[in-house]
Amino acid sequence: MNRCLSILCAALLLSSALGPGVATASPTFPYPWPDYSVVPVLFVPTDWSVSSAEVQAEATAINNAMADIQRFYASHNNGATFVLNPVQVVQAHGTKEAYGISWGPGNIYDDGVITITGNMEGAVMAELHSRGFPTPPAQNESGYVTMIFFKGAGGFAGGRGYTSGNGGQAIVGDWAIDSIQGQVAEGAYWWSGQRKQTGAVAHELGHGFGLPHPDGVGWGMETSVMGYWWDYPTIGLNDYDRNFLAANKSAFFTVPAAPTGQSATALNGTSIRVNWTDKSSNETGFQITNGVTTVSVGANTTTYTWTGLSPNTYMCFAIRAYSATGTSPWTPYACTTTPTVPAVPTNQTATAISGSSIRVNWADTSGNETAFQITNGVTVVSVGANTTTYTWTGLSPNTYMCFAIRSLNAAGASAWTPYACTTTPTVPAMPTNQTATAISSSSIRVNWTDTSGNETGFQLTNGVTTLNLGANTTTYTWGGLASRTYMCFAIRSQNAAGASAWTPYACTTTP
């Protein structure tokens with residue numbers, strides 16, 4: 001029987017691909033392949049049609065068997081296993097004879113019935129490579145093991161891995177295809193029994209991973225799938241197997257690293273953004289949980305927005321990476337609270353500070369606002385948190401304007417305050433009836449008539465010195481003069497809007 005007992009069995013002496021034959025579609029598993037995957041292939045020579053019910057049933061059986069083998073590796077390797085792709089059914093370019101396979105009379109599983117001449121394995125590898133599969137030449141199989149089920153190869157079995165865990169392949173014949181369907185009668189082959197022989201396929205796949213037979217131990221003498229070839233009802237992987245897989249196939253059999261840098265930020269009253277740093281390169285995706293509900297996102301994702309919350313909701317989140325190998329530990333929880341709508345401001349006032357500007361003031365009654373908005377009913381402006389004043393500019397004198405204020409944050413905005421109103425002032429009228437009367441040799445009394453009702457004060461000047469006087473003032477005595485001093489005076493009114501024109505000068509001479 002063409003059975004292989006060494007990691008170096010079935011050496012790949014590559015040859016060119018066989019000539020053109022029946023075409024097949026491009027591989028349907030993800031391309032580029034997810035890192036560190038097992039790619040099962042049902043390789044069908046043109047002696048059979050890939051569309052036949054027989055071949056389709058074989059493909060289904062291979063998918064089921066490979067899923068069993070994936071679980072086997074997980075259960076005997078501390079939960080770590082390989083990424084498994086769906087089986088790819090490939091119509092070969094030629095008949096089985098084109099690959100050096102000939103059948104003699106008798107049971108095709110038995111030694112001597114199937115004859116293989118030439119480099120069958122190299123031809124299959126080269127053909128699959130030319131059709132987009134991760135097989136040699138050029139060692140482009142790094143990170144992949146191709147598990148080939150060769151219909152027509154009878155009792156053939158062989159597999160090998162490459163150095164440092166770069167990849168590998170295994171080929172099995174009809175014995176595996178038929179036995180995993182339960183179609184090998186007990187005793188039809190010297191090892192056949194009641195169970196489906198998935199263990200032997202797991203054994204050859206182990207060679208693809210780089211696992212050898214136990215040194216100095218014959219078949220059935222070592223309770224490991226690599227020492228007990230034909231089934232694994234009570235066996236697993238020994239310490240050597242597990243250590244080898246961890247050291248040389250780390251990306252196949254290593255659980256992805258846990259994310260770091262997790263944070264939770266409330267975006268508004270109903271949603272929280274969760275962020276993290278991706279620390280693994282072999283995850284299939286990430287899971288985010290709030291301790292009750294868990295959601296999944298794809299590989300290389302580093303953010304997720306949790307929605308549908310209520311204001312003032314305290315929530316914590318943890319993240320973990322996962323792959324077919326297993327899951328990382330959960331991160332520590334990152335927590336935050338969705339905001340509530342801030343309280344409405346109070347004590348709003350509007351004060352004209354010039355003919356073109358009004359100062360708006362209010363009291364901040366909330367501790368969670370991120371900004372305030374002030375409106376005059378037409379225009380809305382925003383100012384930062386903790387602000388309690390704003391000057392509205394660009395107005396004209398005698399402009400009546402009202403203002404309302406509200407606070408806001410990510411949860412929303414408070415109600416508007418009631419309006420606070422004021423009018424920008426106009427420039428006051430010029431005084432009249434100005435007079436200057438000497439009342440002694442050292443002082444002069446200046447009088448005028450107040451003709452405005454909106455001044456905040458008056459200015460009195462002798463052309464050199466200017467004095468400021470209060471509103472409603474109509475007289476001022478200028479003292480400290482010398483005898484026979486001639487002096488003239490002008491007056492104007494003023495307020496926040498500006499100043500009136502100066503009056504004409506009123507003059508006199510001290511006696």
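Since every read-out is calculated from the coordinates, none of them should be taken as a lab result. Quick caveat, the model's predicted, so the values are computed rather than measured. So basically every Cβ, Gly included, is an ideal-geometry build from the backbone, and we count neighbours across all protein chains shown.
Below, the figures for the structure above:
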item	result
Two-decimal Rg/Rh across region 263-373, once Rg and the Kirkwood Rh are taken from alpha-carbon atoms	1.27
Distance (nanometres) between label positions extended 7 Å along Cα→Cβ at Ser49 and Asp68	3.0
Sorted by Cβ density within 10 Å, fewest first, the residues Val378, Val90	Val378, Val90
Zero-based 10 Å bins, Cα pair distances in region 432-509, whole percents	20, 53, 22, 5
Partner lysines for Lys151 [C-alpha distance under 17 Å; skip if fewer than 8 residues away on the same chain]	Lys96
Gained length - Thr305 relative to Asn347, 0.36 nm times residue gap less alpha-carbon distance	11.3 nm
Eligible lysines near Lys279 by straight Cα distance, threshold 23 Å, same-chain separation 8 or greater	Lys249
Sorted by Cβ neighbour density within 10 Å, fewest at the top, the residues Ile444, Ile108	Ile108, Ile444
Fewest-first sequence of Arg242, Arg71 by Cβ atoms within 10 Å of each Cβ	Arg71, Arg242
